[in-house]
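Contents: one structure, followed by commentary.
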Amino acid sequence: MRKLAIVSILLLVLALVSSTVSCAQHETAPDALHWTGAETVHTAYGPVKGFEDEAETWVWKAIPYAKPPVGELRWKAPQDPDPWNVTREETEFSSECPQYDISGSVVGSEDCLYLNIWRPQSNERNLPVYFWIHGGGNSAGSASNEGYNGANIASKSNMVVVTVNYRLGPLGWFAHSALRSGERGGELDDSGNYGTLDLIKALTWVQQNIEAFGGHPDSVTIAGESAGAINVYSLLISPLAEGLFDKAVAQSGVPISSSPTDGEESARSVITKLLADDGTAVDQIAAESYLDSMSREEVAAYLRSKTPAELLAGYESLAFSMIAFPFIFEDGTVIPDTGFDALETGTYPNKVPIILGSTQEETKLFLFMDPSFIGKDELYQSVASYTSDLWKAVGVDDVARKLRSHADQPGVYVYQFRWGSGGDVGQSVIPDPWGFKIGASHGMDVPFFFGNDDLFGPLTSLIFTEENHPGREALSNAIMAYVAQFARTGDPNRHGVDLTEWKPWSNGVDEPKCILLDADKEVSNIVMSTLELTESDVKAAVESEVLESLDSESLRFLLRFVERHWSVNAGQ
């Protein structure tokens with residue numbers, strides 16, 4: 001259960017074969033499936049009609065890449081969608097996958113395996129493909145979030161942009177013996193990694209069909225933020241994803257996987273809670289005995305009889321509509337049984353150029369509503385700084401060091417996003433109090449990568465103002481220029497362009513590590529840095545500078561965050 005505890009803690013801070021999925025790269029689309037410049041595109045499964053969108057782009061919404069995973073297909077590897085003859089003309093996004101909304105109500109549909117595509121209105125073919133995986137703790141979020149509208153990045157970066165839904169929560173990752181056949185050929189169904197398999201299925205669909213939209217199947221960049229970045233890391237180590245992409249971008253992710261035992265124990269706890277909640281057993285103690293008396297077939301049928309809302313009720317709720325649950329199971333087929341240790345040993349199959357990074361004040365998004373910090377600005381900034389440093393140390397720098405230690409790993413490019421950070425009241429380009437409270441928090445980099453202003457709901461207009469518009473637009477344009485070049489070549493640098501050279505991470509002492517992405521109210525401020533953090537760095541800083549000044553309530557919060565990374569003496 002140790003890894004499950006890690007998952008629960010970091011989820012609180014992370015606001016992420018046959019007719020199913022092939023183990024190798026699929027053949028590209030047949031000659032008939034090529035971009036013609038017309039709004040109606042013929043895919044391998046049927047025609048789809050696109051519509052004009054912002055920034056002189058076309059958009060195709062709600063394209064099915066798999067059969068609806070309902071009924072007997074719940075907790076099964078995704079299957080090819082049924083073909084259609086009548087042109088699909090979707091003007092709306094598909095439903096999100098089942099999840100809690102901000103009010104605590106369950107929204108979404110199990111019929112959610114759809115993707116969306118944007119591209120410039122041109123006749124150009126063989127454009128690079130940018131495949132976006134949304135965040136949300138792998139239990140919330142969707143491709144329909146307005147912050148993920150691909151029009152601006154598709155236009156400015158001249159790319160085909162794909163956003164995708166994938167199964168979330170217990171419908172996306174669930175491992176119980178009753179759902180496993182143990183039969184040869186059923187390894188994917190038995191894996192528990194249904195959300196991961198959905199992403200692999202969507203990437204397979206891209207290989208088969210993206211030429212029809214003018215994309216190049218041999219130039220696919222997978223990208224994601226928060227849990228989306230965790231999923232990017234999981235695709236790096238999955239043998240089933242080999243050949244499906246050739247570049248990667250991981251924003252604010254921490255590579256976390258779970259053992260099959262974690263999954264089994266979590267699933268058993270959920271089932272006993274369900275049995276007690278619906279009155280099948282008088283309480284959870286009785287439910288334990290009742291579950292042990294059920295046959296495998298009875299347990300499977302019982303689970304499939306439950307609605308998504310009933311299943312979600314079996315889990316602990318976290319902030320931002322997320323739940324605490326194990327995911328990315330080390331099943332030995334979809335994910336290696338060594339999990340993310342593969343990044344250290346070099347046994348991961350998908351060694352591709354990668355951009356990875358974090359924001360300077362990641363944890364402020366999760367801290368600013370904590371009442372224990374009211375009237376304690378100095379303490380608030382200290383806790384935010386050190387927990388955000390830990391995020392960078394574990395989720396970015398440690399990963400970069402491991403990747404760069406392998407001679408056959410291509411370029412590793414690291415960033416730290418600093419726009420909005422202040423440290424003290426009045427120093428941020430964001431108006432107070434939000435400049436201090438939110439700053440360069442988790443997710444703040446996403447609008448700059450997409451060229452959009454809409455991600456933070458009612459806070460958006462308080463963060464993105466007319467006064468700071470020139471600087472953030474300059475920074476966003478620079479970031480999109482880096483991404484555009486990276487998506488084409490695997491190197492974010494374009495010679496002859498007036499941008500700071502983004503040097504790859506080096507494991508040498510005092511050699512280039514990361515690029516700092518920032519801007520004032522007028523212009524961008526981008527510089528290379530030797531900044532590098534380790535867990536031991538952060539531990540030493542906490543022990544020497546912070547512990548004595550923390551009150552007990554705030555100390556408990558900090559300890560909850562770091563307890564799985566080091567042992568802290570709360571009595572110091």
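Readers should treat all values here as calculations from the given coordinates under stated rules, not as data from a laboratory. Quick caveat: nothing in here was measured; it's all calculated off a predicted structure. A quick note on method: Cβ atoms are made from the backbone with ideal geometry, for glycine too, and the neighbour counts reach across all protein chains shown.
Key figures
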read-out: Residue-wise HN-Hα coupling along segment 525-535, computed from phi with Karplus coefficients 6.51, -1.76, 1.60 (Hz; x: Gly, Pro); value: 9, 10, 9, 7, 9, 9, 4, 8, 10, 10, 4
read-out: Amide H within-cut-off set for LEU356, under 5 Å, with H built and near neighbours excluded; value: ALA250, TYR413, VAL414, TYR415
read-out: Cα-Cα over 32 Å, subset of LYS376/LYS521; LYS61/LYS156; LYS201/LYS513; value: LYS201/LYS513
read-out: Fraction of beta bridges assigned by DSSP in segment 2-251 that are antiparallel (%, nearest 5); value: 55
read-out: Compactness relative to 2.2 N^0.38 Å, alpha carbon Rg of the chain; value: 0.94
read-out: Charge dipole (debye, nearest 20) of the chain; +1 at Cβ of Lys and Arg, -1 at Cβ of Asp and Glu; value: 680
read-out: Spherically averaged projected area of segment 2-251 from its Cα convex hull (nm²); value: 13.5
read-out: Fewest-first ranking of ASP491, ASP277, using other Cβ atoms within 10 Å as the exposure measure; value: ASP277, ASP491
read-out: Computed Kirkwood radius, in angstrom, where 1/r is averaged over Cα pairs of segment 387-470; value: 14.6
read-out: Cα centroid separation, segment 53-84 to segment 185-264 (Å); value: 16
read-out: Charge dipole of segment 2-251 about the Cα centre (unit charges at C-beta), most positive-ward option of ALA151, ILE200, CYS112; value: ILE200
read-out: Signed unit charges on C-beta, dipole axis of the chain, positive-most listed residue THR280, LEU188, GLY169; value: LEU188
read-out: Dipole magnitude (debye, nearest 20) for segment 2-251, charges at Cβ of Lys, Arg, Asp, Glu; value: 700
read-out: Debye-sum result for segment 457-496 in log10 I(q)/I(0), which assumes one identical scatterer on each alpha carbon, at q = 0.18, 0.27, 0.31 Å⁻¹; value: -0.61, -0.83, -0.96
read-out: Kirkwood hydrodynamic radius of segment 181-333, from inverse mean 1/r over distinct Cα pairs, in Å; value: 17.8
read-out: Order of VAL206, VAL48 - criterion: other Cβ atoms within 10 Å of each residue's Cβ, fewest first; value: VAL48, VAL206
read-out: Distance between modelled label sites at LEU531 and ASN507, nm, 7 Å Cα→Cβ extension; value: 2.3
read-out: For TYR166, TYR45, order by how many other beta-carbon atoms lie within 10 Å, fewest first; value: TYR45, TYR166
read-out: Modelled FRET efficiency - R0 35 Å, SER405 with VAL497, Cβ distances, 0.05 increments; value: 0.70
read-out: Residue-averaged [θ]222 nm for the chain, counting only DSSP H segments that reach four residues, each worth -39500 (n - 2.57); value: -9000 deg cm²/dmol
read-out: For segment 359-538, alpha-carbon Rg and Dmax in angstrom; value: 16.7, 51
read-out: Amide H within-cut-off set for ARG88, under 5 Å, with H built and near neighbours excluded; value: VAL48, LYS49
read-out: Cβ charges +1 (Lys, Arg) and -1 (Asp, Glu), total dipole of segment 359-538, debye; value: 420
read-out: Given charges at Cβ of Lys, Arg, Asp, Glu: segment 359-538 dipole, positive-most of SER405, ASN507, SER441; value: SER405
read-out: Label-point separation in nm, GLU54 to GLU543, each point 7 Å along Cα→Cβ; value: 4.9
read-out: Estimated vicinal HN-Hα couplings, Hz - segment 429-437 in sequence order (Karplus 6.51, -1.76, 1.60; Gly, Pro = x); value: 6, 8, x, 6, x, 6, x, 7, 6
